[in-house]
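Student: Okay, here's the structure, questions in a sec.
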Amino acid sequence: MLTQVRKKIMEISLLTDIGQKRSNNQDFVNKFVNQAGVTIVVVADGMGGHRAGNIASEMSVTDLGRDWINTDFRELSKIRDWMIAAIDAENRKIYELGQNEEYKGMGTTIEVLAFVDNAVIFAHVGDSRIAHIRNGEYKQLTSDHSLVNALIKAGQLTEEEAAVHPQRNIITQSVGQSAPIEADLGVQQLEPGDYILANSDGLTNMISTDQIVHIVNSPGFVEEKTSRLVAGANQGGGGYKHGTLPTRQVVLIISQLLLLR
């Protein structure tokens, strides 16, 4: 008699796009697997001069990935501690490099996600976002480290006012700052059919959460859905809502499927 074993399959799609108004892409994304078979994904949105943002984002993703592949962590507590230490070390490294005139002001947001069994553990710095989508419901798991979000929390701005605020692009934490990093950490339990979406502000500044959910829930593989999300952002103008600043997109979708093998 054959026994069917239920095996969890995680589909991961990574996509970055330069958008409509830039000559270079300051976003970077990649995934890495450690010695215990645990996958992490790192998303970074760089800032600074013409080259500095590119270097900060790629350096952060690459450095964390290089360190991760040499670990054998599976326990959430150990992964959490690794995330804290790795982001702190990268913050110091990028800050020191940013003291050179060529890289003055360099920095990057960062999202680090590790997938272990039925859970994703994540670390967040900056105004990129991680969201959980289940049964058509979008839940933002992170809180923007931005000036306007701090003003919203203090009751001094509404969401509508924040969208057009002249300082809406100022972030209050980034990798490469002089002060110690205080990354936000969290864990989300996953069920079959759930999606995790991590993206830079180039996506969520251009299309609504309703549009995101509609695309994510549309038929097709996750690779097709990431492409549709980027296309939707570019069709929205490839630039910031209400504004003048150019944009980039990083899109990451993870779908957990339950298959019978």
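FYI, it's all coordinate maths here, none of it is from the lab. Quantities reported herein were computed from a predicted structural model and do not represent experimental measurements. Cβ sites come from the backbone with ideal geometry, for glycine too, and all protein chains shown count toward neighbours.
Student: Using Cα-only point scatterers and the Debye equation, what is log10 of I(q)/I(0) for segment 29-100 at each q in 0.11, 0.14, 0.15 Å⁻¹, rounded to two decimals?
Tutor: Scattering profile of segment 29-100, log10 relative to I(0): -0.29, -0.45, -0.51.
Student: Run the simple label-point estimate for residue 235 and residue 211 please: 7 Å along Cα→C-beta, distance reported in nm.
Tutor: So the two model labels end up 0.8 nm from each other.
Student: Which of the peptides 159-165, 175-181, 32-38 is most tightly packed, and how do the rest follow, judged by the mean count of other Cβ atoms within 10 Å per residue? Walk me through the numbers before you get to the answer.
Tutor: Values: 159-165: 13.0, 175-181: 17.0, 32-38: 15.0.
Top to bottom by mean Cβ count within 10 Å: 175-181, 32-38, 159-165.
Student: Also, quick follow-up: Taking the mean number of other Cβ atoms within 10 Å as a proxy for protection, how do you rank 125-131, 71-77 from highest to lowest? List each step's numbers first, then the result.
Tutor: On the way: 125-131: 24.7, 71-77: 13.9.
The densest-packed peptide leads the list: 125-131, 71-77.
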